[in-house]
Amino acid sequence: MRKEEVERIQGLLAANGRYKGAIDGVAGPKTVAAAHGLLTTRLPNAFGWSLDRQLVAAAQLILQFAGHPVGDIDGYWGNQTNGAYLEWATEYF
């Protein structure tokens with residue numbers, strides 16, 4: 001996963017109050033723990049996916065809860081997820 005993608009996910013996790021670390025583009029223990037905290041209650045089947053997909057799924061859940069439809073919560077950062085992120089970022093920033 002590219003650094004920019006991890007930064008976006010960290011920003012979403014931070015805005016959701018789940019992540020307190022640096023927005024540095026590194027999927028370290030704090031980032032993973034924040035994503036897993038969300039997935040544990042909302043999408044436990046995601047733990048069978050790769051770490052990259054788990055991080056994206058956490059971002060998709062946050063976007064969906066914020067009213068920005070992402071399509072299926074599948075752990076892939078496609079056009080719908082990207083569009084939802086851009087809408088969210090416009091409102092948030």
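Listed values, structure above:
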read-out	value
Residue list for the stretch 39-68, filter: touching a Leu at 6+ places or on another chain (Cβ under 8 Å) and either over 20 Å from P29 (Cα atoms) or not in a loop (DSSP other than H, G, I, E, B) (or both)	L39, R42, A46, F47, Q54, A57, A58, A59, L61, I62, L63
Sole residue being open to solvent by 10 Å² or more (accessible area, probe 1.4 Å), in contact with a helix residue (DSSP H, G or I) (Cβ under 9 Å, 6 or more places away or on another chain) and touching a residue at least 24 places away in the same chain (Cβ under 8 Å), chosen from L63, L51	L51
Counted residues, the stretch 1-14 - those being of a type in the set (V, I, T) and either outside any helix (DSSP H, G or I) or closer than 17 Å to F93 by Cβ (or both)	1
Identity of the residue in the stretch 15-60, among the β-branched types (V, I, T) and within 11 Å of the chain's Cα centre (by Cα), that ends up nearest to W88 (Cα to Cα)	V56
Tally, over the stretch 69-92, of residues that are touching a residue at least 12 places away in the same chain (Cβ under 8 Å), crowded, with 16+ Cβ neighbours inside 10 Å, outside any loop (DSSP other than H, G, I, E, B) and over 11 Å from the mean Cα position of the chain (by Cα)	2
Filtered residues of the stretch 15-35 (kept if open to solvent by less than 50 Å² (accessible area, probe 1.4 Å), free of Cβ contacts under 8 Å to residues at least 24 places away in the same chain and not in a loop (DSSP other than H, G, I, E, B))	V32
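The values are calculated or read from the model by the stated rules, or taken from the named source; none is laboratory data. The model shown is predicted, which means the values in this text are computed figures rather than measured ones. Glycine gets a Cβ as well: all are built from the backbone with ideal geometry, and neighbour counts include every protein chain shown. SASA here: full protein model, heavy atoms, side chains in, ligands and nucleic acids out. Shrake-Rupley method; radii C 1.70, N 1.55, O 1.52, S 1.80 Å.
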